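Down below is the structure, laid out as structure tokens.
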Amino acid sequence: MGCGSCSTGGGCTPNGCKSNGSCGTGGCQTMEVHDWLSNLDMPSSYKPFQVTEIKFKGSRKEFFLNTDNIYLEIGELVAVEGPTGGFDVGHVSLTGELVRVQMKRRKTSLDQVVKKIYRKATEADVEKWNAAKEMEWETMHKARKLALDLRLQMKISDVDYQADKTKATFFYTADGRVDFRELIKKMAESFRIRIEMRQIGMRQEAGRLGGIGSCGRELCCSTWLTNFKTVSTAAARYQNLSLNTLKLAGQCGKLKCCLNYELDTYLDALKDIPDRIENLDTEAGYARHQKTDIFKKIMWFSYQGDENWIPVKAARVKEIMVMNKAGKKAPNLKEEAVQIAAPVVVEKSFDYENVVGQDSLTRLDERSRGKNNPNRNSKNRNNKNDNRRERVPVGEKSNEPSNRSQQNAQKPQQGARPQNAGAKPQHANQKNQQQAVPKPAHVNGPKPQNAGPKPQQQKPVVKAEGTQSVEGAKPEQSKNKNRNNRRKNNNRRNNTNGSENKPASE
């Protein structure tokens, strides 16, 4: 919006005048014309043009005479003469010399402008006008119900009330002519007003209702497009578009008006490309046309049984077509293929750094791979078992040694023979802690020949004061060893020594 009197609320988004003032450019309304003469000083002898353009609902604009020379600005509400008596309320859309230009564009002479501007709209006029607009929605639904009861093949799309509530105009769409005489009788009995039925097309209906197109912008017919030109499927063929009705149709169900916007440019580019392209007769066989790049003027052909497409310039294709008409065969198209450079991919540099990694599309796949990896699962399982061994009850935290290596040295090694066969195992009760603990034999000393049965192993709990470190003690076996193998080895040794005791499990 370029309006100087509209507030912005401290930001960049305009809030609009909200009918609190006058808009200098009329940016609040659709299908507006910028008054580029509004800020220019006119000569002293200049007499303002008496005709003013007034805008009503649905971007309907009409010309009215300002016989009383009322000072009007764009955006003001005025009370004007109705088409069949009474009065109506509308917005001033254009004043001054630009109205003369608009009348010339619409081929409207000054003699055809008869209706007058009464006054600027008062508070009573605005209240009555707002009350009439609130009745339109309910009236339209009642009229639709009456049309369905009469089984009329028509669709009532909009209702426009006059400001004084004396007349209502019903806009409808239909494929053919509709006999709505019975419908008008019932609506006159129900609404108690004068009724006018006006048939409009699908494009006009979309322009009145408005909406968002497939391009993401507001519909052209409801913003700036005033005249509707015919659109045919030939426009899509010239632009090499797929003839898909879902993509080519707009909100109105007809072909999109924007298909005509670039049609002239395509027609100029197609002048250098042959119209009817037949199979080219070459020494390697018949080449069939596949596609055409209109602006690069390159045509692709392919031989039967060959999936590769051969790009050839459009000028060379014309020469080959002339040769074929003369009964001559052209050389192989592969020898005259155009070398098309591969597109250069430019790496984009982003201003942010991906810290979390949430923009990766394969981040969920990497997690699922880790879950399906058996080696990783076994490693995690062993780590969990080690963490279970290291857990200590709350009441015995003071009895545990602080150093982990010292604790590993205190544990009796599984699968190895005891060095003192007759030594009694240590127990966790207080009585056995008070008894003397026999010193372990030196690691380098002689091993006993006949080792007695291996006593049941239990985890000793020794106070930190009475702990003696054993030099050369073997560390705990690898975490990845299978415990079932260790149990089997213990069972074999006990069987060879004639022991009846079973080794205790961890």
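So is L248 of a type in the set (A, V, I, L, M) and either without any contact (Cβ under 8 Å) to a residue 12 or more places away in the chain or under 30 Å from R60 (Cβ atoms) (or both) or not?
Against the criterion (of a type in the set (A, V, I, L, M) and either without any contact (Cβ under 8 Å) to a residue 12 or more places away in the chain or under 30 Å from R60 (Cβ atoms) (or both)), L248 qualifies.
Within the bounds of the range 201-220, is there any residue that is within 31 Å of the chain's Cα centre (by Cα), over 20 Å from S59 (Cβ atoms) and crowded, with 16+ Cβ neighbours inside 10 Å?
no
Take the range 58-90 and flag every residue that is assigned to a loop (DSSP other than H, G, I, E, B), over 14 Å from Y118 (Cβ atoms) and either touching a residue at least 12 places away in the same chain (Cβ under 8 Å) or basic (K, R) (or both).
Hits for the range 58-90 are R60, E73, I74, G75, T84.
Take the residues of the range 80-124 that are closer than 19 Å to I193 by Cα and of a type outside the set (A, V, I, L, M, F, W, C): which is surrounded by the most Cβ atoms within 10 Å (Cβ to Cβ)?
Restricting to residues being closer than 19 Å to I193 by Cα and of a type outside the set (A, V, I, L, M, F, W, C), the top hit is D88.
Filter the range 275-314 down to residues that are among the small types (G, A, S) and not in a strand (DSSP E or B) and give me whichever is surrounded by the fewest Cβ atoms within 10 Å (Cβ to Cβ).
By that ranking, first place goes to G305.
Identify, from the list D175, D160, the residue that is in a loop (DSSP other than H, G, I, E, B) and under 23 Å from G207 (Cα atoms).
Of the residues listed, the single one that is in a loop (DSSP other than H, G, I, E, B) and under 23 Å from G207 (Cα atoms) is D175.
Cβ-Cβ below 7 Å, separation at least six or inter-chain, first residue in the range 170-192 and among the charged types (D, E, K, R), second in a helix (DSSP H, G or I): which pairs?
Pairs that qualify, where the first residue is among the charged types (D, E, K, R) and the partner is in a helix (DSSP H, G or I), are K186/L146.
Quick check on V126: is it in a helix (DSSP H, G or I) and touching a strand residue (DSSP E or B) at 6+ places or on another chain (Cβ under 8 Å)?
yes
Just to be sure, is E262 of a type in the set (D, E), under 30 Å from the mean Cα position of the chain (by Cα), exposed (fewer than 13 other Cβ atoms within 10 Å of the Cβ) and more than 30 Å from W137 (Cβ to Cβ)?
yes
Any read-out appearing in this document is the output of simple, stated calculations on the displayed coordinates, not a laboratory observation. Keep in mind the model is a prediction, meaning the values are calculated, not measured. Virtual Cβ from ideal backbone geometry, glycine too; neighbours counted across all protein chains shown.
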